[in-house]
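First, the structure itself, so that you have it in front of you.
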Amino acid sequence: MIPEHVMHELRYIEVYTGKKIRNQRVGAYQSPLRGAGFDFDEHQPYRPGDDVRRIDWNVTARMDAPYVRHTHAEREMNVMIAMDVSRSMELGTSKYSKKEVMTFITGSLLFSALSDQINTGFLAFGDRVLASSPPRRTRAAAWSVLEQCWATASSSPRTLMLPAIAHLLKTLKRMSVVFLVSDFMTDDDVLGSQELAILAARHDVIAVVPEDPSEQSLPRGRGYMRVRDLESGREVAVGLSERARRRYADEARLRRETLTRAFYRVPMDSVFVPTDRSPIEPVLSLFAKRMHA
């Protein structure tokens with residue numbers, strides 16, 4: 001069962017999404033791909049192999065040369081939310097755990113897509129695909145996804161994203177917006193893989209990265225603190241000196257910058273979501289930026 005405090009937040013998100021932000025979320029989406037559609041993109045000179053049915057004869061007459069009208073692909077699409085349910089997502093040293101934030105993000109995307117009549121599916125993965133559901137469009141289906149999202153957990157000490165990417169490549173037949181909700185602490189090089197590059201070429205892929213404050217900085221203090229890796233169970237003692245805290249923060253900053261560059265190279269959009277503040281606003285800001293891009 002989803003805990004009561006999480007249910008309370010999800011109910012608030014459902015109302016908030018339906019009333020205020022549907023047009024800044026999935027509903028404002030415009031496909032980055034060109035194809036058959038009605039939303040005009042631009043005119044380009046005709047090249048051998050272009051569809052002659054797309055020649056704009058008015059522009060052709062004015063320019064005295066054949067021009068083709070390009071449009072954005074149809075807005076009819078699906079949304080797929082791929083959720084990391086590995087052990088590292090259990091981390092929570094602040095207001096929410098990463099798992100709770102992942103659930104809130106998933107809820108906001110589901111309710112936004114539902115209010116805009118868009119089919120939404122989900123996939124949960126750890127070291128393999130643990131659960132999946134094809135795109136559907138009912139309120140009951142949205143809550144069913146959230147219940148599965150909360151109940152599904154990985155028992156493996158490893159996190160592998162490539163099996164999930166392979167599953168998406170195999171099952172997604174229609175142009176989709178794919179949200180990868182994960183901390184990207186994986187045992188495979190998914191961001192450098194050909195599989196993810198192919199997925200991003202076929203679909204609109206967005207990385208949503210929950211961040212716990214303890215992953216960015218160590219607490220002030222003296223002596224040492226013991227920390228445990230949630231996936232491997234290994235425990236280590238970490239010093240709390242000023243030098244150690246500075247080095248820890250530098251490494252955390254470097255990892256974030258490395259992730260950002262890797263997302264850009266794929267290419268795919270990304271947003272980092274802190275667990276000590278509103279999990280909704282960073283995602284909302286990303287979609288507002290995409291609207292005006």
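The values are calculated or read from the model by the stated rules, or taken from the named source; none is laboratory data. Keep in mind it's a predicted model, so treat the numbers as computed, not measured. For neighbour counting, all protein chains shown are included, and Cβ atoms are generated from backbone atoms with ideal geometry for every residue, glycine included. SASA here: full protein model, heavy atoms, side chains in, ligands and nucleic acids out. Shrake-Rupley method; radii C 1.70, N 1.55, O 1.52, S 1.80 Å.
Full extension from residue 251 to residue 285: what is 0.36 nm times the residue separation minus their Cα-Cα distance, to one decimal in nm?
Taking 0.36 nm per residue and subtracting the Cα distance, the gain is 9.6 nm.
Going Cα to Cα from residue 170, which aspartates and glutamates come in below 17 Å? Please leave out same-chain ones fewer than 8 positions away.
Reachable aspartates and glutamates: 195, 204.
Something else: Note down the net charge around residue 68, summing +1 for each Lys or Arg and -1 for each Asp or Glu among other residues with Cβ under 10 Å from its Cβ.
In short, 0.
On a C-alpha basis, how far is the centre of the stretch 142-206 from the centre of the stretch 248-293 in Å? Whole number, if you could?
Distance between centres, Cα-based: 17 Å.
Which residue, 132, 155, 112, tops the fluctuation ranking in a GNM of the chain built on C-alpha contacts under 10 Å?
Top of the fluctuation ranking is 155.
If you don't mind, another one. Roughly how many nanometres apart are two label points built 7 Å out from the Cα toward the Cβ at residue 65 and residue 224?
7.3 nm
Could I ask something else about it? Taking the chain as the reference, fit the longest principal axis to its C-alpha atoms, fit the long axis of helix 162-171 to the helix C-alpha atoms, and give the angle between the two in degrees, 0 to 90, nearest 10.
On a 0 to 90 degree scale, this one is about 30.
A follow-up question, please. Could you work out which residue, out of 231, 195, 42, moves most in a Gaussian network model of the chain, that is, has the largest mean-square fluctuation with Cα springs under 10 Å?
42
Now for a separate question. Could you work out the local net charge near residue 170, counting Lys and Arg as +1, Asp and Glu as -1, over the other residues with Cβ closer than 15 Å to its Cβ?
Surrounding charge for residue 170 is +3.
Which whole-number value in Å² is the accessible area per residue of the stretch 115-243, probe 1.4 Å?
50 Å²
OK, next. Using a Förster radius of 22 Å, what is the FRET efficiency between residue 4 and residue 139 based on their Cβ-Cβ separation? Nearest 0.05, please.
0.65
In the set [x] 18.0; [y] 19.5; [z] 17.3, which value of mean projected area of the Cα convex hull in nm² was calculated from the structure you see?
Derived directly from the coordinates: [x].
Using a 1.4 Å probe on the protein chains only, how many percent of the accessible area of the chain belongs to carbon and sulfur?
Looking at the chain in its full context, I get 50 percent from C and S.
Answer rounded, prolate or oblate for the stretch 124-178, using the Cα gyration tensor with square roots of eigenvalues a ≥ b ≥ c: rounded when a/c is under 1.5, else prolate when a/b is larger than b/c, else oblate.
Because a/c hits 1.5 or more and a/b fails to exceed b/c, the stretch 124-178 counts as oblate.
Once you order the gyration tensor axes a ≥ b ≥ c over the Cα atoms, which shape class does the stretch 117-217 get: rounded for a/c under 1.5, otherwise prolate or oblate by comparing a/b with b/c?
The shape class here is oblate.
Another question, then. Set the Förster radius R0 to 25 Å, insert the Cβ-Cβ distance between residue 155 and residue 272 as r into 1/(1 + (r/R0)^6), and round the FRET efficiency to 0.05.
It comes to 0.35.
Highest GNM mean-square fluctuation, the chain, Cα pairs closer than 10 Å: which of 279, 48, 210?
48
From the phi of every residue in the stretch 141-150, what ³J(HN,Hα) in whole Hz does the Karplus formula 6.51 cos²θ - 1.76 cosθ + 1.60 yield, where θ is phi - 60° and glycine or proline is x?
Once θ is set to phi - 60°, the couplings for the stretch 141-150 become 5, 4, 5, 5, 4, 5, 5, 5, 4, 6 Hz.
Packing-wise, with mean Cβ within 10 Å as the measure, how do 245-253, 183-191 rank, highest first?
Result, highest mean first: 183-191, 245-253.
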